[in-house]
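Just so you know, all these numbers are worked out from the coordinates, no wet-lab data involved. Just so we're clear, the structure is a prediction, and the values are computed from it rather than from any experiment. No Cβ is skipped: glycine too gets one built from the backbone with ideal geometry, and neighbour counts run over all protein chains shown.
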Amino acid sequence: MKTNSNMEFISSKDHYETTQNHHKRKKKIKKFVHKFLIKYLISISSRLPYICMILFTVLVLTIIAVVLCILLINSNQKKKIIANKKSVLRWNSTGLTIAGVSTVSGTDNMHLNTPQDMALDYKGTMFIADYSNHRIQKYVRNSMNGTTVAGFGNGTSSTLLYGLNIPVHVIVDDEENLYISNQGNHKILYWPCNALSGVVVAGLGKKKR
């Protein structure tokens, strides 16, 4: 009986120690978790302004991207061409003279004489084939006073390369070089910007018989 009582005592003691150890481990785990959570929250709170700033920036960029996409879609829809739809042209019923003097011809820089063709460069400068004055006139935007850039300025024709004879068409490139259809001389001339004479690029200058 003594032995049994001793064994029961030992077993209850072991059980008590096991229970105590278990409680201690639980306390340690709780303490560790508590410390970890506190450190994590402190680190998060210290970085919170930066996180908020990043989230705000992402939100703003997302809104901008959405707005740009909407604008792009709307612009593309406006540019779509509707098939079989008639074009409607509108203009003022009263014309506005932007070069030359209405109903009056002349050879000075204010006048033109039977202008046949006009070319416009990217700056809005006009180059006019002044047919009966045998010259090309340059008109800067909003100016009524032209400048002779090819041919003579006095209305005289010429068969030489520094003159023109009935120019009917003119083309201008981005550097203000001219390509002139010189009908009276049966040639196409290349006239460099600020040059005093042209270069024949097509035609022999002889009328076919």
Practice task
Note down the relative contact order for the range 158-208 as a percent, whole number, built from C-alpha pairs under 8 angstrom at least six residues apart.
Solution key: 29 percent
Practice task
Mind listing the long-range amide H neighbours of residue 166? Cut-off is under 5 Å, sequence gap 5 or more, other chains count too, H placed in the peptide plane at 1.01 Å from N.
Solution key: 134, 184
Completion exercise
When 170, 66 are arranged by how many other beta-carbons sit within 10 Å of their Cβ, fewest first, they go 66, 170
Exercise for the section: Please give the peptides 159-166, 98-105 ranked by average Cβ packing (other Cβ atoms within 10 Å per residue), highest first, as a rough proxy for protection. Expected result: 159-166, 98-105
Practice task
Would you work out the relative contact order for the range 115-202, in percent, from Cα pairs under 8 angstrom that are 6 or more residues apart?
Solution key: 23 percent
Exercise for the section: Kindly state, to the nearest 0.05, the FRET efficiency for residue 109 paired with residue 190, given R0 = 25 Å and r defined as their beta-carbon distance. Expected result: 0.55
Practice task
List 144, 126, 118 from most exposed to least, where exposure is judged by having the fewest other Cβ atoms within 10 Å.
Solution key: 144, 118, 126
